[in-house]
Each structure stands twice: as C-alpha cells, then as structure tokens.
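Structure first, then comments.
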Amino acid sequence: MKKIDSKEIGELLQNEEFDDWWESEPIQIPLLENKALKITLMDFVPEEDDEFLAGADNTLKNFLSKKEEERFDLSDLVYKNCMEFLNAIGYDEMDKALWEIKNKNEIWKYVYPQEIHITRRHRRDEDVYLSIICECEWEQEHGLQLVFRRGKQITRISSQDGHLTEADAYDKLDEEDELLSKFKGN
C-alpha cells in the first residue's frame, strides 16, 4: 500500500478503492472539542500535482490552529442552515428540540462531525479547501458540510452536495457567493 507524508499530520495511506484519496489515522481537531477524525486528501495524484501536498499542509496548519471557542463563531450560520431546512419542510414533532433552541450555540448538540476532506477546487481560484463532513439531526439524508478555504475561513455551510462553494453549486460568480466573497487571502 502506498503512503505519503504530511508535515502537519504525518503518514497518510492510499485508499484501497480510490487511488487519488489518501487517509490519515484519526487526528484530534481542536475546533471540535478535540474529537479525533480521519482526514482524507482527495483528488490527489502525487506524480501529477507537486504543489497540492504543500497547500494541504498549509490548510491543515491553519485549520488545526483554530480553537474550540472559534466554533461558536460559526453557530449563527449552522443554526441558520438548520432553520432554513426546517422551515422548508414544515413543523414535525420529531424536530421539536431544534425548534426550541434558544441559544444558537446549542445547535452543536445536534451536529456530529464524521471526517475531514481536503481537496482542490477545480475551477476559478483552484485553491485548497477543507470540508468537515457531518451528520446532523435536521438533515439526515444529506447531512451537513462546513467548508473552509485554505483552512482559514468558512466559505460554505450546506448539505453534503459535492460542491465546495455556493458559486459552484449554483453556477454563480465568486463575487456573488456571500461567504466566498468575504474571504481574506492573507
């Protein structure tokens, strides 16, 4: 089995099914109360992209420096995602606890991070993005993803739809993407 080495998280092994996926052992994530999650580098062929691993390491360095308290800076956006979904489907007694949330930071009781994916956006900026792949109580079928450009700044919160940005998902200009357009590169 092939392996590669990350300066930030150590050895990653090539996935047996997808030869352009590289998986770590579970790594503690400070932003997520030190929950240990597998990190997967996706769409990466080392022989074809000699810059991706350095970009992924930089992304990981940025992301792993985020403290647990910073998660609460995302609460409004995660809560908004939840409420938009619940309003779209209408009231269901099973969702009563979600409807009754008083403090938006409570939303995290209903979000279950599963793994982290890192990949390069294949259009426009071609930057490296990190996605926290989650299950959640309100969207059992498609879950939730929190996407960070370069591991620095949240640029998308949505169901897991395979898109890194709203611009890509809805074929909009990057400038028309509310969160992506706020990205500060440095």
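Of the residues in segment 35-59, how many are among the small types (Gly, Ala, Ser) and either open to solvent by 70 Å² or more (accessible area, probe 1.4 Å) or free of Cβ contacts under 8 Å to residues at least 12 places away in the same chain (or both)? Don't jump to the end; show me each part of the working.
Going residue by residue through segment 35-59, those that are among the small types (Gly, Ala, Ser) are 36, 54-56.
From what is left, the residues that are either open to solvent by 70 Å² or more (accessible area, probe 1.4 Å) or free of Cβ contacts under 8 Å to residues at least 12 places away in the same chain (or both) are 36, 54.
The qualifying residues number 2.
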>> Is it the case, given these coordinates, that Ser24 is surrounded by 19 or more Cβ atoms within 10 Å (Cβ to Cβ) and either out of contact with any Ser or Thr (no Cβ under 8 Å at 6 or more places or on another chain) or at pLDDT 95 or above (or both)?
In response: yes
> If Leu77 satisfies every condition in (1) of a type in the set (A, V, I, L, M, F, W, C); (2) open to solvent by less than 40 Å² (accessible area, probe 1.4 Å); (3) in contact with a strand residue (DSSP E or B) (Cβ under 7 Å, 6 or more places away or on another chain) but one, which is the exception?
Replying inline: (2)
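Asp95 - would you say it is assigned to a loop (DSSP other than H, G, I, E, B), out of contact with any Phe, Trp or Tyr (no Cβ under 6 Å at 6 or more places or on another chain) and open to solvent by less than 60 Å² (accessible area, probe 1.4 Å)?
Numbers: assigned to a loop (DSSP other than H, G, I, E, B): no; out of contact with any Phe, Trp or Tyr (no Cβ under 6 Å at 6 or more places or on another chain): yes; open to solvent by less than 60 Å² (accessible area, probe 1.4 Å): yes.
No, not satisfied.
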> Is segment 98-112 home to any residue that is surrounded by 18 or more Cβ atoms within 10 Å (Cβ to Cβ), of a type in the set (Lys, Arg) and at pLDDT 95 or above?
Replying inline: no
> Here are some residues: Val45, Val78. Which one is under 18 Å from Arg156 (Cβ atoms) and among the β-branched types (Val, Ile, Thr)?
Replying inline: Val78
> When you go through (1) without any contact (Cβ under 8 Å) to a residue 60 or more places away in the chain; (2) closer than 19 Å to Ser24 by Cα; (3) over 12 Å from the mean Cα position of the chain (by Cα) one by one for Asn105, which number turns out not to apply?
Replying inline: (2)
> Can you tell me which of Glu84, Glu100, Glu137, Glu115 is more than 27 Å from Ile9 (Cα to Cα) and touching a residue at least 40 places away in the same chain (Cβ under 8 Å)?
Replying inline: Glu137
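Taking the criterion of being small (Gly, Ala, Ser), open to solvent by 20 Å² or more (accessible area, probe 1.4 Å) and at pLDDT 95 or above, would at least one residue in segment 119-135 satisfy it? Break it down into steps so the answer makes sense when it comes.
Restricting attention to segment 119-135, the residues satisfying the condition of being small (Gly, Ala, Ser) are 131.
Next cut, open to solvent by 20 Å² or more (accessible area, probe 1.4 Å) only: none.
Checked segment 119-135: no residue is small (Gly, Ala, Ser), open to solvent by 20 Å² or more (accessible area, probe 1.4 Å) and at pLDDT 95 or above.
The values are calculated or read from the model by the stated rules, or taken from the named source; none is laboratory data. Values in this document were obtained by computation on a predicted structure and should not be read as measured data. In this analysis, Cβ positions are derived from the backbone assuming ideal geometry, glycine residues included, and neighbour counts consider all displayed protein chains. Note: accessible area is taken over every heavy atom of the protein model, side chains too, but ligands, DNA and RNA are not part of it. Shrake-Rupley method; radii C 1.70, N 1.55, O 1.52, S 1.80 Å.
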